[in-house]
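The values are calculated or read from the model by the stated rules, or taken from the named source; none is laboratory data. All values derive from a computational prediction rather than experimental measurement. Here the Cβ is made from the backbone with ideal geometry for all residues, glycine too, and neighbour counts use every protein chain on show.
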Amino acid sequence: MSAQDYRNSVSPMQGNSSVSPRSSVADRYRVLLEIARTLSATLSLDELYAAIYHETARVLEAGGFYVSLYDADNDRARVVFYADRGQIQHAEIEYPGAGSAVIQSRRATLLNNGLDGRSVLLIGEEGSDLTRSAISAPLVHKGRVLGVISAQSYEAEAYGYDDLDLLQAIADLAAVAVANAQHVAELSRRQREAEKVEEIGRLLTGSLDPKVVLETVIRAVQEVIDVDGASVWLREGAGGLSVRVSHSGGTVTLPIGLTWQLPPELTHRLFAEKEVAIIDDLGSSQLLPESIREHLRYGSGIGAPLLVNGHVAGVLTAGSRHARHFNSDDQAVLKRLARQASVALENARLHSNLQAASLTDPLTGLPNRRHLQIHLEREIAAAQRGRYLVVALFDLNDFKRYNDAHGHLAGDDILRAFAQILDEENRAMNLVARFGGDEFVSVLSDTHLAGAENYVSRVSKRVLADPILGAHGISVSCGMAEFDPQTLNTSHELLKAADRDMYRAKSRKLERAATSE
């Protein structure tokens, strides 16, 4: 069947007025009263569209029938309902309002001489029969065009002006019903949104886990905006132009960890302007690389920036399986939910910073004694399952004398320089921590004593060659202790054994110094 209204519409005075009405005027007005009662009692939009069709088909030929809604802000009309030969169908079709005679003129139109070549849009399978005649009427409420309804026939000369007048009367009733139903739907959406925002707010005050909050935000996006999937992308990489999927939910999902570099157009829109970005056709958009399009072959998408401390930390996105126009309400809702997600990320960042501060030595930047204890307990648990473990305890020789002679600021420089050497010589899987004062500990996982001795030797050579430490004659002593399931199987015992070994090493060094004198 052909769809919507026509560029070459026929005015009421040009058509064929000889077509006889199907029922008397009294009957038609009685039907209008019944239609008014039926439509006014129907508040669900989907049920309302079906009711408009069924009531129209009672009094007019409607081999084909459709309802479209019009968004004046974007000049787009969208088919929300259509039926063909009595069967209700589904379509995701949009067309420009500027090309619609009915929308532009706000007048009903009639065409009785065949639609081939004059239909702006076709609905239905390719190759199917075209309707031959049609009448279309605008849905106008309080001076605003809400959309169009159209009844169509596979027979030529199927309609007259009585039919056109009747369809317009039905459209006038339907416009009021549609406006009421839209208002109810908007109130319901806002109530759901308020409930979800309240739920997220409770989580924000009761949970420091960003995963829990962001998963709730994703569910809220799907429910309130009525989309098929939602995701949180976080910025990463040099310059922060790449984004990575951090959380994802719904039937249109993206794999966690998927990373891609945003093109300049999206980067400017999201990161510079800090505004919502919309991609109408995900499958064909050149803004998306193939790695993304293989997961999003069709449909539409929208994204809002996540602002943390005034900077864009990522993007909250929503996607629909079918082509869809995201209107200003959708954009406003997504931005509000993005603000909630941003608060969750900010709370998580502050919590992470506070936690890191509580586990970090402020002078050297190394893990502190508390962090060492937590890490060492985990490594001992692994050692009890068979993994090797050695603890090395370092002490700066004569540091107190140097500190007293040169001052605390100079002593701080010595501690930072030694901490940097330890950190640079350390493997990623190991931990180096400031134990206290001028003592430092290296936890050497999956390492034998021989490997630990090589590590200590490298550190000692670096100390002697360091321009700060070597220039002031700073040297180190080190004691080591290897995990033993029978005798050295707790953090306290390991550290105590390493401390004893360190003092033995200091004693040997003093003996060698005395002998050389």
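Things worth noting here:
Yes/no per residue for (1) in contact with an Asp or Glu (Cβ under 6 Å, 6 or more places away or on another chain); (2) over 24 Å from TYR95 (Cβ atoms); (3) assigned by TED's automatic domain parsing to the domain that holds SER246; (4) surrounded by 15 or more Cβ atoms within 10 Å (Cβ to Cβ):
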{"residue": "GLU273", "(1), (2), (3), (4)": "no, yes, yes, no"}
{"residue": "GLN286", "(1), (2), (3), (4)": "no, no, yes, no"}
{"residue": "GLU294", "(1), (2), (3), (4)": "no, yes, yes, no"}
{"residue": "ILE302", "(1), (2), (3), (4)": "no, no, yes, yes"}
{"residue": "GLU346", "(1), (2), (3), (4)": "no, yes, yes, yes"}
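- Condition broken by LYS506, with the remaining ones in (1) more than 23 Å from GLN373 (Cα to Cα); (2) of a type in the set (D, E, K, R); (3) not in a helix (DSSP H, G or I) satisfied: (3)
- Counting only strands (runs of 3 or more DSSP E) that sit completely within the range 428-483, those holding 1 or more residues that are within 21 Å of GLY365 (Cβ to Cβ), of a type in the set (Lys, Arg) and assigned by TED's automatic domain parsing to the domain that holds GLN373 correspond to 431-436.
- Check on ALA417, modelled with pLDDT of 90 or more and in a helix (DSSP H, G or I): yes
- Annotation note: of SER40, SER133, SER68, the sole residue that is under 21 Å from GLU186 (Cβ atoms) and at pLDDT 85 or above is SER68.
- Within the range 218-237, the set of residues being charged (D, E, K, R) and buried (at least 21 other Cβ atoms within 10 Å of the Cβ) comprises just one member, ARG235.
- Consider the range 462-489 and keep the residues that are in contact (Cβ under 8 Å) with a residue 40 or more places away in the chain and of a type in the set (Ser, Thr, Tyr). The one that is surrounded by the fewest Cβ atoms within 10 Å (Cβ to Cβ) is SER475.
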